[in-house]
Amino acid sequence: NPPLLQVEDLHVTFDTPEGTVEAVSGVSFSVGAQETVAVVGESGSGKTVTALAVLQLLDGGRISGGRVLWDGEDLAALDRRALRRVRGNEIAMIFQDPMTSLDPLYSVGHQIVEALRLHRRISKRDARERAAELLEQVGMPDPRRRLAAYPHQLSGGQRQRVMIAIALACSPRLLIADEPTTALDVTIEAQILELLGDLQHEYRSAMLLVTHDMGVVAETADRVVVFYAGQVVEQGATADVLSDPQHPYTAALLDAMPTPGTDRAQPLAAIPGAVPPLRAMPAGCRFHTRCARAWDECGHTEPLLHELPGDRAARCLLHRPGQERPLRDALTTKGA
Ligand code: SF4
């Protein structure tokens, strides 16, 4: 069986007044049925652009290379109608800020009913009944009364629950969630993540979770794909990657993770420097300007994504076959 979603050597470019820039450079990964895959990286890493490209929803950008296969079918080859059928019916997206995706002028009940009726032949009355059920499923208090509420009358957590209800309206086979809890406080975040996990189980859907937060990855994902500057730098099973990172960037992300119980500081603050701008990608390894393990060669030789035992991969010269540098010294300092 082909994976549900397969992204193959994806390139995404944007035309800007200063010229064309590439935001995603040769990204490949897959999501299997009922699997949760997290795409993690700092802002500017290309993770959200990749999620939007999967849905062919790029605003101002275009897929300039590679393919996105849904159930073995090339999404770029579908006409608009077929694409609409896939979006919403089979793949649904949950965004970071529900306020930008909910319409302030309509009650949430109306918006869930519309989502249901857009993709299914269902009477208004049945759709309303189903909308109330969905709100109950997503843990909305007093769901029937809440149908009449407008987005601004709800809390941030409740609005995200409405977005999840809309996403689930058509029982999608894949949920793409882009930073679904970033705008929420820590307690609500935990509730929403748990809810997403429960519903995913119940609906037997797969999930592609886009996040900057390794803590969220640890709690939700079967596999993790680490992005840096438009490339995949590491991927593997979450437990393996988190316990034994094979790329210095992953190790740095893990070191930057706040220890449980402490107040959540600025995420990733511990990695000095920033993701390089698209227009000024450094030569060699894109991470060399920030890498604690870098040596001269990293500044001019571009590392490949090397396959490693245990269905893992890392893009680092340290993993080059025959590389002499001692590899086995732990990349992460945490717990040392
Ligand atoms: Fe660091 Fe060099 Fe590996 Fe890049 S190739 S991650 S700079 S050690």
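The values are calculated or read from the model by the stated rules, or taken from the named source; none is laboratory data. Just so it is clear, the structure is predicted and the values come from calculations on it, not from any experiment. All Cβ positions, even for glycine, are placed from backbone atoms using ideal geometry, and neighbour counts span all protein chains on display.
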Checklist entry - Within the stretch 1-21, how many residues turn out to be outside any strand (DSSP E or B) and buried (at least 18 other Cβ atoms within 10 Å of the Cβ)? => result 2
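Does the stretch 46-65 hold any residues that are in contact with a Phe, Trp or Tyr (Cβ under 9 Å, 6 or more places away or on another chain) and under 19 Å from residue 20 (Cβ atoms), and which are they?
Going through the stretch 46-65, the residues in contact with a Phe, Trp or Tyr (Cβ under 9 Å, 6 or more places away or on another chain) turn out to be 46-47, 49-50, 54, 58, 60-62.
If the condition is that a residue be in contact with a Phe, Trp or Tyr (Cβ under 9 Å, 6 or more places away or on another chain) and under 19 Å from residue 20 (Cβ atoms), then 46, 49, 50, 58, 60, 61, 62 are the ones that fit.
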Next on the checklist: Can you confirm whether residue 96 is modelled with pLDDT under 90 and either part of a strand (DSSP E or B) or among the polar types (S, T, N, Q) (or both)?
Outcome noted: yes
Checklist entry - Does the stretch 153-167 contain at least one residue that is in a helix (DSSP H, G or I) and more than 29 Å from residue 39 (Cα to Cα)? => result yes
Checklist outcome for this item: Log entry, pairs with first residue in the stretch 222-234 being within 12 Å of residue 316 (Cα to Cα), second being in a strand (DSSP E or B) and not polar (S, T, N, Q), beta carbons closer than 6 Å, six or more apart or on different chains, reads 232/27; 232/225; 233/226; 233/315; 234/226; 234/314
Checklist outcome for this item: Only unsatisfied item for residue 105, checking (1) farther than 25 Å from residue 20 by Cα; (2) surrounded by 14 or more Cβ atoms within 10 Å (Cβ to Cβ), is (2)
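Out of the residues in the stretch 103-143 that are of a type in the set (D, E, K, R) and not in a helix (DSSP H, G or I), which is nearest to the chain's Cα centre (by Cα)? Before you say what the answer is, go through the steps one by one.
If we filter the stretch 103-143 for residues that are of a type in the set (D, E, K, R), which is where we start, we get 103, 114, 117, 120-121, 124-126, 128-130, 133, 136, 142.
When the remaining residues are screened for being not in a helix (DSSP H, G or I), the result is 103, 120-121, 142.
Numbers: 103: 24, 120: 27, 121: 31, 142: 31 Å.
Step by step, filter the stretch 103-143, then rank; the result is 103.
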Item to check | Considering residues of the stretch 297-318 that are farther than 15 Å from residue 223 by Cα, of a type in the set (A, V, I, L, M) and within 11 Å of the ligand (Cβ to nearest atom) only, the residue surrounded by the fewest Cβ atoms within 10 Å (Cβ to Cβ) | outcome: 304
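State the number of residues belonging to the stretch 45-87 that are of a type in the set (D, E, K, R), touching a Leu at 6+ places or on another chain (Cβ under 8 Å) and outside any strand (DSSP E or B).
The qualifying residues number 3.
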Next on the checklist: Can you pull out every residue in the stretch 1-44 that is in contact with a Leu (Cβ under 8 Å, 6 or more places away or on another chain) and among the hydroxyl-bearing types (Ser, Thr, Tyr)?
Outcome noted: 28, 30, 36
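Can we say residue 263 is at pLDDT 95 or above, farther than 23 Å from residue 21 by Cβ, away from the ligand (no atom under 16 Å from the Cβ) and not polar (S, T, N, Q)?
Details: at pLDDT 95 or above: no; farther than 23 Å from residue 21 by Cβ: yes; away from the ligand (no atom under 16 Å from the Cβ): yes; not polar (S, T, N, Q): yes.
Criteria not met by residue 263.
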Next on the checklist: Looking only at the stretch 271-296, how many residues end up being within 7 Å of the ligand (Cβ to nearest atom) and not basic (Lys, Arg)?
Outcome noted: 6
